[in-house]
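The values are calculated or read from the model by the stated rules, or taken from the named source; none is laboratory data. Worth saying up front: this structure is predicted, and the values here are computed from it rather than measured. Cβ: placed from backbone, ideal geometry, glycine included. Neighbour counts: every protein chain shown. For accessibility, only protein heavy atoms count, side chains too; no ligands or nucleic acids. Shrake-Rupley method; radii C 1.70, N 1.55, O 1.52, S 1.80 Å.
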Amino acid sequence: MAGPAVLVFLGFVIVPVIMAAYYGFFRWSGFGPATDFVGLLNYVTIFNDPNFQQALGHNLFIVVMSLVIQGPIALLLALLLNRRMRGQSVIRVLIFVPYVIAEVVVGTGFSLMLATNGALNGVLENAGLGWLAQDWLADPDIAIWTLMGILTWKYVGFAVILFLAGLQGIPEELYEAASIDGASFWQIQRRITIPLLGPTIRIWAFLSIIGALQLFDLVYIIWGQYVSSVAGTNTMAIYMVATGRNAGNFGYGNAVAVVIFLISMVVALLYQRFVLRRDTAGAITERGAK
Amino acid sequence: MTLTTRNGSTRRRSDSRRLPWGSPIVYFVALVVIALMLGPVAYIILGGFRTNSQITVEPGGLPDPWVIQNYLDVLVSPIFWGEVWNSTVVGVATTAGAVALGLMASYVLARYSFRGRGLLYALFAAGLMFPITVAITPLYIVVRNLGLMNTLPGVILPQIAFALPVTVIILVPFLRAIPDEIQEAASIDGCGRLSFFWRMVLPLSIPGVITVSILAFIGSWNAYLLPLFILNNEASFTLPLGVQAFSSQYSVDTAKVLAFTSLSMIPALVFFSLFERRIVGGLTGAVKG
């Protein structure tokens, strides 16, 4: 019975990955058989290309900043919302809304809102904060922070929901015992909640890292392949599409795909090995054996 | 799943704990956060009710007066409805395919032990870590070699494949939780494996099936990269491609772009609000394993 699933999965997930590895060794326009074998030349070119290095740098920046910005915000919100209050379920739903909206919608909305003569600058102007108005999308000093802002807006709700679910799993007796012992609210959070939320936080961080390494949609929709490299928001996936499919150089595009795949896999395996090892939910290493 | 216990335990916990600050602060923070979260969404929806001159004069203002012409223009446009149709076909077929194939695979993985079961499970679990981005270039070549360019199946089949990992990871614990006694009792009553699947497994796994269906549908409805590669002629566009094409084509008509954009997000929002508890429960179930 597993047959059809395995077949589809192999055909459209595993085979393409293997094909990418194969075509990555060729200079190939994507039509006819690939004959122009160039060995590792594509890979040498990729790593020597300043555009790729720049894109890789942006990805790493986004990985780190996503964790640093979204983690604490989500944790605080989850702690605040993890109590009985009227409207609690409504608040949870509303915080999660940006996560459900399509990247295209988010991108279109934000690019109009953040344009030089857009709504954000208009509101700032009206509030007498005109000096805060910026060229949010085009200024190379600001654009990547704008991107971080949009990413936080879109994905922080996901982290909050995960953390709230994790908080439900912490036994109440611990809180009772701690408050009998006279622990303050923040002591309780720091000594009990956060350590026990560890597994949830580590899984969230993993998903966030993998997502940040493969970021494409929002950047491509808001900035496009050309503007993004000028504004300093281009990512490895943007580079892959720009130099591969859009430039008609499929061999090269496949090589970039392999590089992104390998970087993601190395990060995933290292993370599994050194961070998730303690948790039961190690998807690659332990889950299968369970 | 986790949700059934949630409300009860929260209630008891906060009663027994003295919280050092009053809840007005919590409400205030929650209000600010919600305003930040919904602000951009409100901007898109309200912007559709304005005219371009209103938007130019006062970019961050409210509709004054409200105009519904933009929404009406979009709603009578055959292009919009064509894209809604394409998105619906792709979404429904992706969901049906992912659920059907995922349920069968999960059933085998959850209830039978055989050589390579761990490997098979690990294969699907590993798929969870690699979104469609890294495979898109070769995937495009596979789809082209199959002659499926510019066709909806060219999007549907890969989407089913990439939806399988989440589906399997969520459904396997569900199916594993069905007690063996039920199966034994069923087989004593003369129920074969297949009829057990139809008559017992399927009904019992409905909550999990709903979760994965919603996830697959919303994922498909919002998908951008794969349709961008596969669908090149306007007749085959799904809504995300349509939104982008529309916004570059009518780049001067901001109000209409906003109307088009807000109409395109309605189905995902409706599905989400109807099944919010199941989605959240499914996601957390998947993450916690």
May I ask you to rank A:Trp131, A:Trp223 by accessible area, largest first, using a 1.4 Å probe over the protein chains only?
A:Trp131, A:Trp223
Classified through the alpha carbon gyration tensor (a ≥ b ≥ c as square roots of its eigenvalues; rounded if a/c is under 1.5, else prolate when a/b is larger than b/c, else oblate), chain B comes out oblate
With springs connecting C-alpha atoms under 10 Å apart, model chain A as a Gaussian network and identify which of A:Thr146, A:Thr193, A:Thr35 has the largest mean-square fluctuation.
A:Thr35
Phi angles of segment A:40-46, converted by Karplus (6.51 cos²θ - 1.76 cosθ + 1.60, θ = phi - 60°) into ³J(HN,Hα) in whole Hz with x for Gly and Pro, give 8, 4, 4, 5, 4, 4, 4
At what distance in nm do the modelled label points of A:Ile180 and A:Phe31 sit from each other, each positioned 7 Å from its Cα along Cα→Cβ?
7.9 nm
Peptide-level mean, for B:157-167, of C-beta atoms on other protein chains within 10 Å
4
Please tell me the relative contact order of chain B in percent, rounded to the nearest whole number, where contacts are Cα pairs under 8 Å and at least six residues apart.
30 percent
What is the spin-label model distance, in nm, from B:Phe28 to B:Glu184 if the labels are put 7 Å beyond Cα along the C-beta direction?
6.2 nm
Once A:Phe47, B:Phe49 are ranked on solvent-accessible area with the largest value leading and a 1.4 Å probe, the list reads A:Phe47, B:Phe49
Gaussian network model of chain A, springs between alpha carbon atoms under 10 Å - residue of A:Gln88, A:Gln53, A:Gln272 with greatest fluctuation
A:Gln88
To the nearest 10 Å², what's A:Ile170's accessible area with a 1.4 Å probe?
10 Å²
Take the alpha carbon atoms of the protein assembly as shown, find their radius of gyration, then divide it by 2.2 N^0.38 Å using N residues; give the quotient.
1.00
Quote the accessible area belonging to B:Tyr250 in square angstrom, nearest 10, computed with a 1.4 Å probe and with ligands, DNA and RNA left uncounted.
80 Å²
Residues whose built amide H sits under 5 Å from the amide H of A:Phe26, excluding neighbours closer than 5 in sequence, are A:Val38
Rounded, prolate or oblate, given the Cα gyration tensor of segment A:50-135, with a/c below 1.5 counting as rounded?
oblate
Shape verdict for segment A:3-289, please, from the Cα gyration tensor: rounded (a/c under 1.5), prolate (a/b greater than b/c) or oblate.
oblate
Connecting C-alpha atoms closer than 10 Å in a GNM of chain A, tell me which of A:Ile180, A:Ile201, A:Ile221 has the biggest fluctuation.
A:Ile180
Roughly how many Å² of B:Glu234 are accessible to a 1.4 Å probe, to the nearest 10?
100 Å²
Quick check: the distance between the Cα centres of segment B:41-75 and segment B:96-148, to the nearest angstrom?
44 Å
